[in-house]
Amino acid sequence: MALAIRRATPADAATLAEIAAATFTEAFGHLYPAEDLDAFLRASYAVDRQRVILETPGYAVWLLEDDGVAVGHAAAGPCGLPNPAVRPGDGELKRLYVLAKYQNGGWGGRLFQAAMDWLLADGPRTLWIGVWENNPGAQRFYARHGFVKVGEHTFPVGRVVDREFTLRREADAAP
């Protein structure tokens, strides 16, 4: 395997849509009725929607590739989580997914670090992450990087409404 991380461009919209849908389905697809999952994937990971994200200043996406084939991704931008403590200028790690076959080799951590470096390039700021309540591995990973639970919010996928933990790392709390 020749793995590498690179910043995605608008030309990568279809690739991003494909890997985003694949990684979400692999991680969580078993939790939802097929029609709800399909509707969610079509709405959330449509190529046009990914292109808008990739073209929008203030957002960034990285692809993890194996010989040019996307096997993971991370996305970051302004915080959009529904928490009253969110302030203008706060950043958010919006997505961090790696296909199971490529996990446990440190590449998720490298994607995470690329996003953190970008989010903090202009100096310290408060960072946020939403993580599924039943994903203790992700919760431990983020805790090791200074994130603490400060609330909860919901994440609907069709008729299923998941409970997510809202995590925050204060600007002065970076590990």
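Side notes on the structure shown:
- Estimated [θ] at 222 nm from DSSP helical runs (n ≥ 4, -39500 (n - 2.57)) normalised by residues in the chain, nearest 500: -10000 deg cm²/dmol
- For the range 63-161, taking Cα atoms only, Rg and Dmax work out to 14.2, 43 Å respectively.
- What the phi angles of the range 147-161 give under the Karplus curve with 6.51, -1.76 and 1.60, with θ = phi - 60°, is a coupling list of 8, 10, 6, 10, x, 9, 8, 9, 9, x, 10, x, 7, 8, 10 Hz, glycine and proline written as x.
- Thr25-Ala85 pseudo-label distance in nm [points 7 Å out on the Cα-to-Cβ vector]: 3.7
- Note on the range 2-63: Kirkwood hydrodynamic radius from all Cα pairs is 12.4 Å, rounded to one decimal.
- Protein heavy-atom surface of the range 10-151, 1.4 angstrom probe: 53% of the accessible area is carbon and sulfur, with nucleic acids and ligands not counted.
- Centre-to-centre, using Cα atoms only, the range 33-67 and the range 154-169 are separated by 18 Å.
- In sequence order, the range 36-44 has phi-based couplings of 5, 4, 4, 5, 4, 4, 5, 7, 7 Hz under the Karplus curve 6.51 cos²θ - 1.76 cosθ + 1.60, θ = phi - 60°, and Gly or Pro positions carry x.
- Karplus-derived 3J(HN,Hα) values for the range 63-69, using 6.51 cos²θ - 1.76 cosθ + 1.60 with θ = phi - 60°, are 10, 9, 10, 10, 6, x, 9 Hz; glycine and proline are entered as x.
- For the chain, the relative contact order works out to 20 percent when only alpha carbon pairs closer than 8 Å and six or more residues apart are counted.
- Diffusion constant of the range 88-129 at 10 °C, which comes from Stokes-Einstein with the Kirkwood Cα-pair radius and 1.306 mPa s, µm²/s: 141
- When only alpha carbons of the chain are considered, Rg and Dmax amount to 15.5, 44 Å.
- For the range 10-141, the solvent-accessible area works out to 47 Å² per residue, with a probe of 1.4 Å and every protein chain left in place.
The values are calculated or read from the model by the stated rules, or taken from the named source; none is laboratory data. Predicted model only: the values in this text are computed from it and were never measured. Don't worry about glycine lacking a Cβ; one is built from the backbone with ideal geometry, like all the others, and counts go over all protein chains shown. These accessible areas exclude ligands, DNA and RNA; they are computed on the full protein's heavy atoms, side chains included. Shrake-Rupley method; radii C 1.70, N 1.55, O 1.52, S 1.80 Å.
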